[in-house]
1. Neighbour counts of other C-beta atoms within 10 Å: give me Ile58, Ile321 arranged from fewest to most.
2. Sort Leu382, Leu90, Leu396 so that the residue with the fewest other Cβ atoms within 10 Å of its own Cβ comes first and the one with the most comes last.
3. Using the number of other C-beta atoms within 10 angstrom as an exposure proxy, rank Leu198, Leu297, Leu105 with the fewest first.
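Derivation of every value follows stated rules applied to the coordinates shown; laboratory data play no part. Since the structure is predicted, the reported quantities are computational estimates derived from the model, not experimental observations. Here the Cβ positions follow ideal geometry from the backbone for every residue, glycine too, while neighbour counts run over all protein chains shown.
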Amino acid sequence: MVVGLIAGLIGLAVGIFGMGAFGVSDRSRKNIVEITEPTLPDGAAEVLSVVGKAYIVIDTVDGVVRASPGAYAYGLVRGHTVVHKELLDLAHRVRRDGVIEEKDLILPRGALPAASNSAPQSGGHTEAHTVVEPASTHGGTPGQGTLVVQVRVAPLTEEYILLLADDRTEIARTEAVRNDFVANVSHELKTPVGAISLLAEALESAPEDQATVRRFASRMMTESARLAALVQDIIELSRLQGKDVARVALAVDINAVIAEAVDRTRLPAQSKNITLAVGASQPALVYGDQGQLVTALRNLIDNAVRYSPDNTQVGVGLQVIDGVVAVSISDQGDGLTPQEQDRVFERFYRVDAARSRHTGGTGLGLSIVKHIVSNHGGEVTLWSAPKMGSTFTVRLPQLSPSTSDGGTHHRAERHHGLI
């Protein structure tokens with residue numbers, strides 16, 4: 001009886017203590033809930049939501065008060081911290097001087113960004129572990145592994161600083177490509193023009209030497225042909241850049257494209273006793289400009305013939321798999337190293353410059369191919385290995401026969417890119 005009474009008293013004490021602890025815990029939770037995040041000035045949040053750029057708002061101790069998903073995607077913010085010292089330096093100057101600062105920064109992309117759960121209200125923003133370097137320090141051409149960001153820093157209030165970031169990568173890359181193109185064109189045109197000038201001077205100094213005249217005249221014809229081909233390719237590339245395929249595109253039978261491209265390269269193949277082996281045809285429609293597609297495949301076949309040894313074979317095959325029309329051109333040439341494969345689609349790039357001059361290559365053929373295929377929503381892939389030849393494959397979205405019968409007013413709806 002006494003033991004039971006004691007046990008009951010102990011249980012009552014434990015219960016009272018537990019209720020007290022629960023009350024303390026409940027009050028603590030309520031206190032946490034009552035803590036509010038820093039608020040922005042009236043109307044600031046609404047403006048930032050439609051600003052169209054990545055933004056960061058930081059406080060007097062450089063803590064991130066608010067940041068957009070783009071700021072996390074660019075790797076500018078991690079959790080509640082601004083990642084890059086250069087951004088904070090700009091913010092400190094703005095806070096000190098009250099003057100708006102603007103700067104272009106180059107961010108190495110590095111590895112693919114990892115998912116971040118630390119972003120406020122993120123639900124899955126990404127962050128990139130990068131180092132920001134001022135563009136003015138490095139200059140040069142922004143490559144595939146860099147992100148060019150224009151940052152504008154301004155005081156929002158006495159307490160907050162606003163950082164706006166705009167992705168300028170494509171603009172910077174386009175400008176760099178344009179500058180490179182002009183420089184390359186100037187260089188490439190100087191070579192045949194200079195050669196023709198020298199040959200003409202030599203002819204003028206030896207008009208009576210018929211053997212010399214014939215030899216120099218032949219070389220002048222070669223250089224003139226090279227110059228004409230170069231100008232033609234430059235015009236073709238410029239035309240492709242300014243033409244919207246969707247405006248003139250129709251349903252195209254890829255078998256007819258292959259047949260015409262092969263027919264146009266038959267003579268140079270015969271001159272080297274190279275066999276053009278074309279695989280079996282199969283129903284395959286794509287949406288695009290037939291003339292451009294013929295040019296793309298002709299360039300690839302001509303390139304295969306140009307760099308294949310005599311008495312070999314160039315193969316042309318067609319496959320239709322999972323809504324993709326794939327045309328492959330294979331040769332038995334020297335093949336390409338991984339480093340050469342990375343650059344082979346660049347304008348004016350030649351694996352063997354001396355051999356290209358001998359064969360008449362301009363260095364623009366593959367660049368034209370890539371541009372045409374890209375305009376058609378497709379891609380060009382390359383497999384190659386030294387001493388094992390190369391295979392270039394053009395992959396285009398298939399157009400089903402049912403959608404090709406709807407006339408021309410549905411063109412835009414039928415033009416889809418590869419997934």
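1. Arranged by neighbour count, lowest to highest, Ile58, Ile321 become Ile321, Ile58.
2. Exposure proxy ranking, most exposed first: Leu382, Leu90, Leu396.
3. Leu198, Leu105, Leu297
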